[in-house]
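The values are calculated or read from the model by the stated rules, or taken from the named source; none is laboratory data. Since we're looking at a predicted model, the values are computed, not measured. So basically every Cβ, Gly included, is an ideal-geometry build from the backbone, and we count neighbours across all protein chains shown.
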Amino acid sequence: MAKPINLKILSEDERTILKDAIPLLRDSDPYYWENKSFKDSYAKWIDTTNGQFADGGFEQFKLAVAQMRNKMPLTYKDNGTLLRKVIRGDIQC
């Protein structure tokens, strides 16, 4: 079973990989691990982290991406005021 990781301990490169994989979470295919983009992102993640989070496999990576999506704020302008929102799967840009 995949366990949440502490995103604060990740390097900038590791967080960038997770950020770039956020759109892959929106894929509704139940066999997401067969998606080439997902495999490439996962391989990059394993290589960059030196296999530190390899025990959880694809599920660990997917959970880390979901954590990043929920923690990474977006800033929007609305009539000169700044509103902070969190990226969710239901927000369409």
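May I ask you to list pairs of residues, at least six apart or on different chains, whose Cβ atoms are under 7 Å apart, with the first in region 56-71 being among the acidic types (Asp, Glu) and the second being loosely packed, with under 15 Cβ neighbours inside 10 Å and part of a helix (DSSP H, G or I)?
As it stands, the answer is none, since no pair meets every condition given.
Would you pick out the residues in region 26-64 that are modelled with pLDDT under 90, among the hydrophobic types (A, V, I, L, M, F, W, C) and touching a Leu at 6+ places or on another chain (Cβ under 7 Å)?
Phe38, the sole residue that qualifies.
Name the single residue that is nearest to Leu7 (Cα to Cα) among those in region 27-49 being in a helix (DSSP H, G or I) and hydroxyl-bearing (Ser, Thr, Tyr).
Thr48
Out of region 1-14, which residues are part of a helix (DSSP H, G or I) and closer than 13 Å to Phe53 by Cβ?
Leu7, Ile9, Glu14
Residues Asp40, Asp47, Asp20: which one is loosely packed, with under 13 Cβ neighbours inside 10 Å and under 14 Å from the mean Cα position of the chain (by Cα)?
None of the others qualify; the one that does is Asp40.
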